[in-house]
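The structure under discussion appears below in the form of structure tokens.
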Amino acid sequence: MTQVGEMIRQMYINGKWVEAKSGKTFKVINPATGETVAELPDGGAEDARLAINTAHEAFKSWSRVSPVERSRSLEKAFKLMTERRDELAKLITLENGKPFEEAKKEVAFGAGYFDWFAGEARRVYGDVIPSPAGSRRFWMIRQPVGVVAAITPWNFPATMITRKIAPALAAGCTVVLKPAEQTPLTALAITKILHDVGLPPGVLNVVTTLYPEEIGKEFLRNPLVRKIGFTGSTEVGKLLMRGAADQLKRVSFELGGNAPFIIFEDADFDAAVDGAVGMKYLRVAGQSCICANRIYVQESIAERFTKAYVEKVKGIKVGHGFEPGVVIGPLINKDTLEKVDRLVQDAVKKGAKVATGGGRLKEAAFAKGYFYAPTVLTNVTEEMGVTREEIFGPVAPILTFRTEGEVIERANNTNYGLASYVFTKDLGRVFRITEALEYGLVGVNDAAGYGHETPFGGFKESGLGREGGKQGIEEYTEAKSIVVNLPQ
Ligand code: ADP
């Protein structure tokens with residue numbers, strides 16, 4: 001089951017598979033077993049520079065390729081990624097740990113961005129603008145921004161990549177991708193798909209590394225890089241934004257979240273319980289920026305909800321991702337495991353009660369991996385770190401509220417603003433609350449998250465710009481106004 005037919009162990013620059021100039025390598029670790037999955041080139045600034053130069057050269061021709069032709073390349077990539085779904089999913093389970101069934105869904109969703117942006121490539125419209133003077137004509141066109149440096153995280157090793165490179169390539173940009181050090185194998189397998197569909201050399205380049213700072217610095221100081229597309233922590237996002245300021249590089253950031261999941265007494269009870277389980281535990285073991293971080297339940301149904309919720313959580317199967325029936329895998333590494341446990345212990349010290357879980361799983365099957373028990377906390381207050389920080393693990397803090405106005409205020413009382421969820425059947429409330437929540441995404445009676453068709457991104461410190469939707473491709477373009485004075 002864990003046999004992977006073709007595993008690429010080299011970086012990709014100018015259409016060729018290469019080692020790092022330094023000859024150094026680093027290990028990719030399986031978080032379920034602690035075993036080494038592969039050794040890959042540990043690239044540095046010199047490799048990044050080469051990749052950027054190559055992308056700059058390739059931009060001259062790729063930006064002039066007709067949108068229809070670029071669209072065809074993405075269509076082919078969609079088809080091939082769909083065909084290779086299981087192959088890619090195996091890599092994801094190996095290097096990220098998420099269950100194989102979940103990984104397959106991720107690959108299918110990730111491939112969907114090639115499909116969506118294959119269409120959008122042909123719809124990069126400009127404007128014809130009425131001019132105030134009879135002798136002048138105005139119009140606006142959109143052009144690709146140039147070389148894009150993409151930096152992606154480990155929690156969705158496929159989707160985070162396609163959501164950036166698909167719109168960039170569709171718009172006519174060229175790309176240097178630096179995937180997360182934990183999950184580079186999926187990135188290389190996606191790169192191989194684009195290689196196999198005949199993407200011209202230099203249009204997409206990939207540099208792998210264990211030390212992202214060095215490559216990040218090259219992205220920031222190299223004037224050929226015009227745009228940084230980043231998904232990751234708010235902390236690194238701020239660091240990149242400061243660095244990008246020197247050359248006023250364009251940035252699109254999708255950063256951390258602190259999603260409130262609000263359940264009113266009039267909600268469809270079973271749907272709310274299931275939604276809160278799914279959006280807390282069944283996305284990479286809670287390691288997703290849109291996962292429910294705080295569950296607010298209206299006081300009148302809090303006891304009943306907690307009972308039903310805990311019951312469901314106790315039935316969740318944790319284990320190695322290739323084991324049938326497993327729905328929660330390990331956390332990505334020791335740091336994440338320790339952070340999650342620190343938040344739980346801190347909450348308990350401040351008065352929270354552990355309704356289930358509450359610690360690392362230590363039985364023999366889990367001993368070598370980073371497994372944390374699905375945990376529910378009650379008696380939680382907003383003074384606890386577990387409601388203020390992004391948990392990034394399978395821990396659900398339950399809070400109670402009385403009124404709509406109160407819960408809106410408490411939900412908005414955070415520096416984050418990525419995703420939020422509301423369960424209610426009251427139509428008036430749906431309008432009031434969706435308008436009042438300061439979040440880039442509001443799911444109403446829905447815990448499935450965003451789609452390819454919707455713009456996705458954050459308010460406040462959760463990000464800048466939007467990915468997906470019709471906005472997703474605009475992020476990779478500049479608007480150019482053309483003013484013509486007609487000969488008299
Ligand atoms: P997480 O905590 O989820 O790993 P990070 O923000 O640390 O989030 O990582 C997300 C991505 O950012 C990864 O590809 C990582 O290698 C990269 N990264 C981390 N630190 C830096 C940095 N200083 N400069 C550039 N990229 C970085």
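The values are calculated or read from the model by the stated rules, or taken from the named source; none is laboratory data. In this text, all values refer to a predicted model and were calculated from it rather than measured experimentally. Cβ: placed from backbone, ideal geometry, glycine included. Neighbour counts: every protein chain shown. To get the accessible areas, we keep the full protein, side chains included, count just its heavy atoms, and leave off ligands, DNA and RNA. Shrake-Rupley method; radii C 1.70, N 1.55, O 1.52, S 1.80 Å.
Things to note:
- Which numbered condition Ile316 fails, given (1) within 20 Å of Ser420 (Cβ to Cβ); (2) surrounded by fewer than 20 Cβ atoms within 10 Å (Cβ to Cβ); (3) touching a Pro at 6+ places or on another chain (Cβ under 6 Å): (1)
- Any hit, region 269-288, residues being β-branched (Val, Ile, Thr) and near the ligand (Cβ under 10 Å from one of its atoms): no
- Of the residues examined, Val207 is one that is in contact with a helix residue (DSSP H, G or I) (Cβ under 8 Å, 6 or more places away or on another chain), at pLDDT 95 or above and within 19 Å of Ala45 (Cα to Cα).
- Among all positions in region 247-260, there is at least one residue which is aromatic (Phe, Trp, Tyr), more than 8 Å from the ligand (Cβ to nearest atom) and touching a helix residue (DSSP H, G or I) at 6+ places or on another chain (Cβ under 9 Å).
- Of all residues in region 195-232 being free of Cβ contacts under 8 Å to residues at least 60 places away in the same chain and open to solvent by 50 Å² or more (accessible area, probe 1.4 Å), the one that is nearest to the ligand (Cβ to nearest atom): Glu213
- Unique residue being β-branched (Val, Ile, Thr) and under 20 Å from Arg226 (Cα atoms) when the list is Ile8, Ile13: Ile13
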